[in-house]
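The values are calculated or read from the model by the stated rules, or taken from the named source; none is laboratory data. None of the values given here were measured: they were computed from a predicted structure. Every residue, glycine among them, receives a Cβ derived from its backbone with ideal geometry; neighbour counts consider all protein chains shown.
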Number of protein chains: 2
Amino acid sequence: MSFDLGAYMKQRADAVDAALEHFLPAETLRPETLHKAMRYSVFAGGKRLRPVLVIAGAESVGGTAEQVMPSACAMELIHTYSLVHDDLPAMDNDMLRRGRPTAHVVFGEGMAILAGDALLTEAFSLLAREPAASAAMPAGELHRRRLEAAALVADAAGAAGMVGGQALDLQAAVPGAAPLDAAGLRDMHSRKTGALILASVQAGAVMAGAGDAMLPAVERYAREVGLAFQIVDDILDVEGASADLGKTAGKDAAAGKPTYPALFGLDESRRRAADGITRALAALQEAGLEGQLPAIARWVVSRTN
Amino acid sequence: MSFDLGAYMKQRADAVDAALEHFLPAETLRPETLHKAMRYSVFAGGKRLRPVLVIAGAESVGGTAEQVMPSACAMELIHTYSLVHDDLPAMDNDMLRRGRPTAHVVFGEGMAILAGDALLTEAFSLLAREPAASAAMPAGELHRRRLEAAALVADAAGAAGMVGGQALDLQAAVPGAAPLDAAGLRDMHSRKTGALILASVQAGAVMAGAGDAMLPAVERYAREVGLAFQIVDDILDVEGASADLGKTAGKDAAAGKPTYPALFGLDESRRRAADGITRALAALQEAGLEGQLPAIARWVVSRTN
């Protein structure tokens, strides 16, 4: 029997969805509209890649999904908040996301801003939440690792990471701004998309007790996967149809946004993504890390949506 | 020599400003505009009430300002982000704050949204940051208390707290919405303003090693102070001149927003604020808490801006 990554990802994503359902405030609680907007955006059919990476990161060092479930959910909330704010009229002005009207179209701009704020804040509540006691780790050690994970997630999500990447994106879109070159594009993507993917794998590994020798390998793996993920996103934006992606295909290119295919062509972009995954797999193998991280890396370059 | 609260608050606020200067990313770092927008909003001449409350909360149980300085700064960043987002066109649409153009007027709406996001995220980076080692507390205990403080700040800032309060405010401003009654007004304010004031005092006390018996008194104190602060804000909005407040006086009333003076009249509003402070002082005295919390409470009702 060969390993079925699709079944693995589906099982983990379902567990994440159940946990999110539990953690998010009910729509019947005041303020109802805020809670509705939060849930509308979170339960929009995402792949749950970041939570699955938290779990796979934990499993790669011998941990379990249960150990890191609140943090796995936190990463999805941060990802979701970034999409909600990115779609706003003052940012990318997107009306459609995953085939549905975006949050500000449904709930209004003010409520969409607040829903994003609340999702980001709730993420840190989950990261700080007392984890289930673990027989494998003394309480003090568990608390130290939890703080370390929360700090690296905050740094990845903030001005030095994801928000900084969105600001670079916004600056580059100002009329008259110099277009990003290859180095600028890589910097922007490594912040905007890569930082959160990196922090997901790192947080899972740190919380599950990764030894110091494992962490550099985890970091090399996650950096390569994050970049490859973004390159494939750019390729799919050029190739894809609107229906498959659930958003307007070719939109980035039409908006004059720099993309890998625009800078390097499709073939060279595909080669760069594949080379990155080869390096990611080598890093894991050298460090002797276990589990599904290699299969997830292969999926990242072969995915069609 | 009587105690000089003004000098105490000025000294603590200056220390907070120096720490904020150190913690915030430099304006010369990319993306420059994001960092400029963050600093423009943080260094706008605020009173630093929330950081001072973190420090006073720590001192009230025998701790020091140094022990809690990153968290004190975190509360100011959360307060600042809430003002930046609250001022946006899709929310209160304010052009002026503390006598200066608001962040979105200066940096554009998209950058103001991102600056708020970055400030909120940076706050959790500071809350999770390793504190200075303390001879008075074992490391494991310090980590546990740090996590507990981060969790209660997140809950106070999120959908159950501050963001929830802003959503209630936004819902009440929708044309045709039922106006808030006294209970609704109190709920809205206890979330929008009170929750963060409460969390400031609590976080300081928790991190400095407050015993379980002290925490209920800290909570009673901070709830009363938070409510009184808001009542006085409403009174100043009615009485104040635009120049003193640095914002448009009477704006809340003109916008049809419910206020304490509108519901109860000025005299009854003043009486309610004073009664709250009396209860706050009684709570401190019963628990034998030390330091400047009583003086700060008295300042809250006597302030003129």
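Checking the conditions here, which among B:H79, B:H85 is closer than 30 Å to A:L185 by Cβ and in contact with a Leu (Cβ under 9 Å, 6 or more places away or on another chain)?
B:H85
Go through the residues of the stretch B:180-200 one by one and say whether even a single one is under 18 Å from A:L127 (Cβ atoms) and touching a helix residue (DSSP H, G or I) at 6+ places or on another chain (Cβ under 6 Å).
yes
Taking the stated definitions as given, is A:R144 within 11 Å of chain B (Cβ to nearest Cβ), crowded, with 24+ Cβ neighbours inside 10 Å and among the basic types (K, R)?
No.
Kindly check whether there is at least one residue in the stretch A:116-131 that is under 25 Å from B:T80 (Cβ atoms), facing chain B (nearest Cβ under 9 Å) and charged (D, E, K, R).
yes
Can you find, within the stretch B:44-84, the residue that is nearest to the other protein chains (Cβ to nearest Cβ) among those that are basic (K, R) and more than 20 Å from B:A128 (Cβ to Cβ)?
B:R48
I'm trying to understand the selection: among the residues of the stretch A:40-53, which are buried (at least 19 other Cβ atoms within 10 Å of the Cβ) and either in a helix (DSSP H, G or I) or modelled with pLDDT of 95 or more (or both)?
Answer for the stretch A:40-53, where residues must be buried (at least 19 other Cβ atoms within 10 Å of the Cβ) and either in a helix (DSSP H, G or I) or modelled with pLDDT of 95 or more (or both): A:Y40, A:S41, A:V42, A:R48, A:L49, A:R50, A:P51, A:V52, A:L53.
Pairs only if they're at least six apart or on different chains, beta carbon under 7 angstrom, first in the stretch A:176-199 and within 18 Å of A:A74 (Cα to Cα), second surrounded by 22 or more Cβ atoms within 10 Å (Cβ to Cβ) and among the charged types (D, E, K, R); list them, first residue then second.
That search, which allows pairs on different chains as well, returns A:K192/A:D169; A:L196/A:R50; A:I197/A:R50.
Just name the residue that is farthest from B:M162 (Cα to Cα) out of those in the stretch A:147-166 that are among the small types (G, A, S) and more than 8 Å from chain B (Cβ to nearest Cβ).
A:G165
What is the one condition in (1) surrounded by fewer than 19 Cβ atoms within 10 Å (Cβ to Cβ); (2) outside any helix (DSSP H, G or I) that B:P25 does not satisfy?
B:P25 satisfies all of (1) surrounded by fewer than 19 Cβ atoms within 10 Å (Cβ to Cβ); (2) outside any helix (DSSP H, G or I) except (1).
Given the residues B:H79, B:H85, B:H104, which is the only one that is over 18 Å from the mean Cα position of the chain (by Cα) and either of a type in the set (V, I, T) or surrounded by 21 or more Cβ atoms within 10 Å (Cβ to Cβ) (or both)?
Only one candidate qualifies: B:H104.
Across the stretch A:215-262, which residue is modelled with the lowest pLDDT among those that are in a helix (DSSP H, G or I) and basic (K, R)?
Applying the filter and picking the extreme gives A:K251.
Of the conditions (1) surrounded by 15 or more Cβ atoms within 10 Å (Cβ to Cβ); (2) at pLDDT 90 or above, A:D267 fails just one. Which one is it?
Unmet for A:D267, out of (1) surrounded by 15 or more Cβ atoms within 10 Å (Cβ to Cβ); (2) at pLDDT 90 or above: (1).
Please specify each residue of the stretch B:1-43 satisfying the condition of being of a type in the set (G, A, S), touching a helix residue (DSSP H, G or I) at 6+ places or on another chain (Cβ under 7 Å) and away from every other protein chain (no Cβ under 14 Å).
Listed by number, the residues that qualify are B:A13, B:A15, B:A19.
Hey, could you check the stretch A:174-211 for residues that are more than 14 Å from every other protein chain (Cβ to nearest Cβ) and hydrophobic (A, V, I, L, M, F, W, C) and say which is farthest from A:A154 (Cα to Cα)?
Filtering the stretch A:174-211 for residues that are more than 14 Å from every other protein chain (Cβ to nearest Cβ) and hydrophobic (A, V, I, L, M, F, W, C), the one farthest from A:A154 (Cα to Cα) comes out as A:A182.
Please go through the stretch A:147-198 and give me each residue that is surrounded by fewer than 19 Cβ atoms within 10 Å (Cβ to Cβ) and basic (K, R), ordered by number.
A:R186 - this is the single residue of the stretch A:147-198 that is surrounded by fewer than 19 Cβ atoms within 10 Å (Cβ to Cβ) and basic (K, R).
Kindly list, by first and then second residue, each pair from a residue in the stretch B:285-305 that is more than 16 Å from B:V218 (Cβ to Cβ) to a residue that is acidic (D, E), limited to pairs with Cβ atoms under 6 Å and residues at least 6 apart or on different chains.
B:N305/B:D244
If a residue must be over 24 Å from B:P51 (Cα atoms) and among the acidic types (D, E), how many such residues does the stretch B:171-209 contain?
Within the stretch B:171-209, residues that are over 24 Å from B:P51 (Cα atoms) and among the acidic types (D, E) number 1.
Within the stretch A:92-104, can you find the residues that are out of contact with any helix residue (DSSP H, G or I) (no Cβ under 7 Å at 6 or more places or on another chain) and either farther than 24 Å from A:P31 by Cα or within 13 Å of chain B (Cβ to nearest Cβ) (or both)?
Of everything in the stretch A:92-104, those that are out of contact with any helix residue (DSSP H, G or I) (no Cβ under 7 Å at 6 or more places or on another chain) and either farther than 24 Å from A:P31 by Cα or within 13 Å of chain B (Cβ to nearest Cβ) (or both) turn out to be A:N93, A:D94, A:L96, A:R98, A:G99.
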